1. Which of LYS199/LYS347; LYS23/LYS156; LYS156/LYS176; LYS151/LYS176 have a Cα-Cα distance over 23 Å?
2. How large is ³J(HN,Hα), in whole Hz, for each residue of region 174-187 in order, when computed from phi with the Karplus curve 6.51 cos²θ - 1.76 cosθ + 1.60 and θ = phi - 60°, using x for Gly and Pro?
3. Starting with the fewest neighbours, write out TRP421, TRP373, TRP38 ranked by other beta-carbon atoms found within 10 Å of each beta-carbon.
4. Using a Förster radius of 51 Å, what is the FRET efficiency between GLN87 and ARG274 based on their Cβ-Cβ separation? Nearest 0.05, please.
5. Within 10 Å of each residue's Cβ, count the other Cβ atoms and sort HIS138, HIS374, HIS439 from fewest upward.
6. Per-residue HN-Hα couplings for region 14-28, Karplus 6.51 cos²θ - 1.76 cosθ + 1.60 at θ = phi - 60°, whole Hz, x for Gly and Pro?
7. When Lys and Arg each count +1 and Asp and Glu each count -1, what net charge do the other residues less than 14 Å away from PHE280, Cβ to Cβ, add up to?
8. Compute the distance in nm between two label points, each set 7 Å from the Cα along the Cα-to-Cβ direction, one at VAL136 and one at ALA77.
Amino acid sequence: MSSKAKVNKPEDLLSSGLLLLMKLLAVAAFILGCYLAWTSLSGSAVAGCGPDSGCDRVLHSRWGYWFGIPVSIPALALYAVVFAFLQQLGPGRPVETQRRAWRMLFVFGLVILGAATWFLAVQSLIIKSFCPWCMVTHFTGSVLAVLILSKVPIRKAPEKARQAEQFVFIPPALAKRLGAFAALGLAVLIGGQFLHQKKLYQVQSIAGTMTSTGSNAPAYAMTVPSSPEPPAQRNLLSQTNPQPVSTTNPTVAAANSRPTRPNPLADVPRPTPRPGSKAFQIYQGRFAFDLNEVPLIGSPTAPQAMVSLFDYTCHHCRITHPIIMQAHQAFGDQLAIVSLPMPLDGKCNFTVNKTPKAHTNACDYARLGLAVWHANRGVHPQYDEFIFAPAEPPPLESARQYAAQLVGGPDVLNKALSDGWVNQYLKLGIDIYATNYIHVGNGSMPQIIIGTRLATGTIAADELRNTITQQLGIQPRP
């Protein structure tokens with residue numbers, strides 16, 4: 001066998017067409033990475049992927065970040081470097097330049113292929129959702145990596161020094177060291193995701209639009225007079241909509257677009273506390289709650305209260321539900337949690353211009369939950385657990401059958417559903433969300449109002465406990 005068969009001249013490694021294809025793949029992966037990085041940094045929705053979609057779940061999970069920055073940022077930097085080294089290949093380039101380029105391309109090819117395998121495993125086994133844009137990017141990068149690795153000239157050095165100067169090759173011993181270096185780079189990627197968890201929630205002050213009672217003051221801010229005069233109702237649709245805000249969790253109504261639809265519940269009266277009752281209020285009395293009537297986690301006699309807005313079809317709400325229940329257990333009878341469904345479904349929510357697929361029937365799940373509370377509040381926690389426990393909400397008909405079973409039959413459930421009480425409290429949750437969305441500029445879900453703080457997204461359990469203690473002046477039970 002001739003020495004020429006053992007090593008490769010530069011012009012023998014890549015045809016001009018294959019080199020061009022590699023460059024195009026690198027450019028395509030770079031552009032896709034730029035787009036994903038921009039959507040992550042700006043809080044914008046990815047095209048074709050609405051709130052709570054596979055894209056939302058993947059890009060805004062802890063696995064969508066590396067040491068706190070979107071993973072697409074180091075990825076696009078990697079593809080830019082690969083393209084730069086591809087530029088150093090081909091006829092007419094110095095042999096030593098091409099050798100260095102192939103060594104680096106060998107390392108980067110292994111890293112790209114390993115990273116694509118890692119993120120495929122994360123999406124399929126951990127998140128159990130897939131981001132189509134991410135998958136296209138991984139596929140593009142994987143094809144590029146396979147082409148690079150199939151052409152890497154791993155060969156023994158020619159026996160003659162003159163030949164060694166004329167041919168491009170990577171000695172097997174050096175290839176092993178480069179492979180170990182690539183494995184180290186992949187370990188840094190994976191380790192960075194395990195060691196640093198991106199904060200996927202936001203806690204902001206809304207003191208300027210709320211009655212600030214002080215951390216140790218009672219949560220009950222007023223007593224309803226015998227002839228109550230409800231606060232003036234501002235027309236939410238007439239207000240100027242703020243610019244979309246950058247959030248870590250873009251489960252928002254129609255990607256932060258301004259509500260333009262008529263309010264389906266416009267003619268439904270908002271529930272008001274009974275005359276003479278002690279009421280918990282937020283937003284300077286705009287919203288007041290009789291804790292003996294409103295859906296509640298905890299005791300209506302608790303000295304402090306907060307408000308929780310959720311959607312039974314919302315992935316992030318599903319994650320937050322057990323954290324809310326942990327807070328209930330931690331603070332016990334010191335804290336009442338007003339628990340209102342807030343569907344991201346245009347059938348009942350005027351802030352949603354187009355219902356995302358994930359939130360189809362969200363209004364129906366919410367009405368069923370409210371009807372269960374209205375018919376028999378003692379079994380309401382079981383309905384919540386039935387809906388929140390699985391990875392996805394059970395089919396609507398299954399939810400309806402279970403709700404009927406809980407309250408004593410279909411007739412009891414239908415009677416509760418037909419009561420105007422259900423729509424009144426559905427409207428209450430939506431109106432509070434609309435205030436946060438339009439006037440505060442935050443449409444992320446779930447939402448928790450604690451004193452003068454609005455917490456949105458999948459808040460950490462310790463952060464929730466600390467915020468409750470700071471705002472309401474109560475301590476978790478030992």
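1. On the way: LYS199/LYS347 32 Å; LYS23/LYS156 28 Å; LYS156/LYS176 13 Å; LYS151/LYS176 16 Å.
Beyond 23 Å: LYS199/LYS347; LYS23/LYS156.
2. 5, 4, 5, 5, 5, x, 5, 5, 5, 4, 5, x, 5, 5
3. Details: TRP421 16, TRP373 26, TRP38 13.
The fewest-first ordering by Cβ neighbours comes to TRP38, TRP421, TRP373.
4. Numbers: r = 76 Å, r/R0 = 1.49.
Given R0 = 51 Å and the Cβ-Cβ separation, E is 0.10.
5. Working: HIS138 23, HIS374 20, HIS439 17.
Starting with the residue having the fewest Cβ neighbours, the order is HIS439, HIS374, HIS138.
6. Whole-Hz 3J(HN,Hα) from phi for region 14-28: 9, 6, 4, x, 5, 5, 5, 4, 4, 5, 5, 5, 5, 5, 4.
7. Numbers: positive: ARG274, LYS278, ARG286; negative: ASP290, GLU293.
Value of the local net charge: +1.
8. Calculated label separation equals 2.5 nm.
Only the coordinates and a few stated rules stand behind these numbers; no lab work does. Keep in mind that what you see is a predicted model, and the values were worked out from it rather than measured. With ideal geometry, Cβ positions are generated from the backbone for all residues, glycine too; neighbour counts draw on all protein chains shown.
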